[in-house]
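The values are calculated or read from the model by the stated rules, or taken from the named source; none is laboratory data. Remember, predicted model here, so these are calculated numbers, not experimental data. In this analysis, Cβ positions are derived from the backbone assuming ideal geometry, glycine residues included, and neighbour counts consider all displayed protein chains.
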Amino acid sequence: MTRPLGQPTQVMGVINLTPDSFSDGGRFRSPDQALRQAKTLVKAGVGVLDLGAQSTRPGAEDVGGVEELNRLLPSLQAIRSAFPPGLGQPLISVDTYRACVAQRAIKLERIGSTTSAAAFGIPICWLLSPQRTAPMC
């Protein structure tokens, strides 16, 4: 993918919502802590906030979809409330491999991030597993 000259580069700030994060030691587990970090990152010029609630470090325990949602949704709601979708606001990315977590995040976002991304000409790809008879979370 090439970008025309003059378009700004977007920097992504990662906010790990896990107690065992290898990069920050679990410092952003509460919605208040995550929101403070999001504000710090945006003030520093970050254009995309990436939230992850399932550790992917080597040997990390798979906490399951319910726990991942419990970790993610309160912080996602707090951050989205502080930064409503629109031009000039950071995009929000949710780092997950579970379809049910992605679907809940999309529902919460009301597809606002797609609208914002489209305004910037950023291609979007939702990667969701097909529906199954067994719950995925």
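Identify the single condition in (1) at pLDDT 75 or above; (2) of a type in the set (Asp, Glu); (3) not in a helix (DSSP H, G or I) that Asp32 does not satisfy, given that it satisfies every other one.
(3)
Quick one: in the stretch 41-68, which of the residues that are among the acidic types (Asp, Glu) and assigned to a loop (DSSP other than H, G, I, E, B) is surrounded by the fewest Cβ atoms within 10 Å (Cβ to Cβ)?
Glu61
Give Gln54, Gln37, Gln89 a once-over and let me know the one that is of a type in the set (S, T, N, Q) and over 21 Å from Ser23 (Cα atoms).
Gln89
Please find, within the stretch 19-46, the residue that is nearest to Val94 (Cα to Cα) out of those that are hydrophobic (A, V, I, L, M, F, W, C) and over 16 Å from the mean Cα position of the chain (by Cα).
The qualifying residue nearest to Val94 (Cα to Cα) is Phe22.
Against the definition (surrounded by 15 or more Cβ atoms within 10 Å (Cβ to Cβ), under 16 Å from Ile106 (Cβ atoms) and among the charged types (D, E, K, R)), how does Arg71 come out, yes or no? Quick ask: steps written out before the conclusion?
Details: surrounded by 15 or more Cβ atoms within 10 Å (Cβ to Cβ): yes; under 16 Å from Ile106 (Cβ atoms): no; among the charged types (D, E, K, R): yes.
Considered against the rule, which asks whether it is surrounded by 15 or more Cβ atoms within 10 Å (Cβ to Cβ), under 16 Å from Ile106 (Cβ atoms) and among the charged types (D, E, K, R), Arg71 comes out as no.
Taking the residues in the stretch 85-105 that are closer than 17 Å to Lys43 by Cβ and more than 13 Å from the chain's Cα centre (by Cα) as candidates, determine which candidate is surrounded by the most Cβ atoms within 10 Å (Cβ to Cβ).
Gln89
Going by the conditions given, is Pro90 at pLDDT 85 or above and on the phi < 0 side of the Ramachandran plot?
yes
Name every residue in the stretch 5-24 that is in a loop (DSSP other than H, G, I, E, B) and closer than 24 Å to Arg98 by Cβ, in order of residue number. It would help to see each step written out before you state the result.
Taking the stretch 5-24 and keeping what is in a loop (DSSP other than H, G, I, E, B), we get 5-11, 17-24.
Within the stretch 5-24, Leu17, Thr18, Pro19, Asp20, Ser21, Phe22, Ser23, Asp24 qualify.
Among the candidates Arg80, Arg104, single out the residue that is of a type in the set (D, E, K, R), part of a helix (DSSP H, G or I) and at pLDDT below 90.
Arg104
Looking at Pro84, Pro74, Pro31 in this structure, which one is without any contact (Cβ under 8 Å) to a residue 40 or more places away in the chain and in contact with a helix residue (DSSP H, G or I) (Cβ under 9 Å, 6 or more places away or on another chain)?
It is Pro84.
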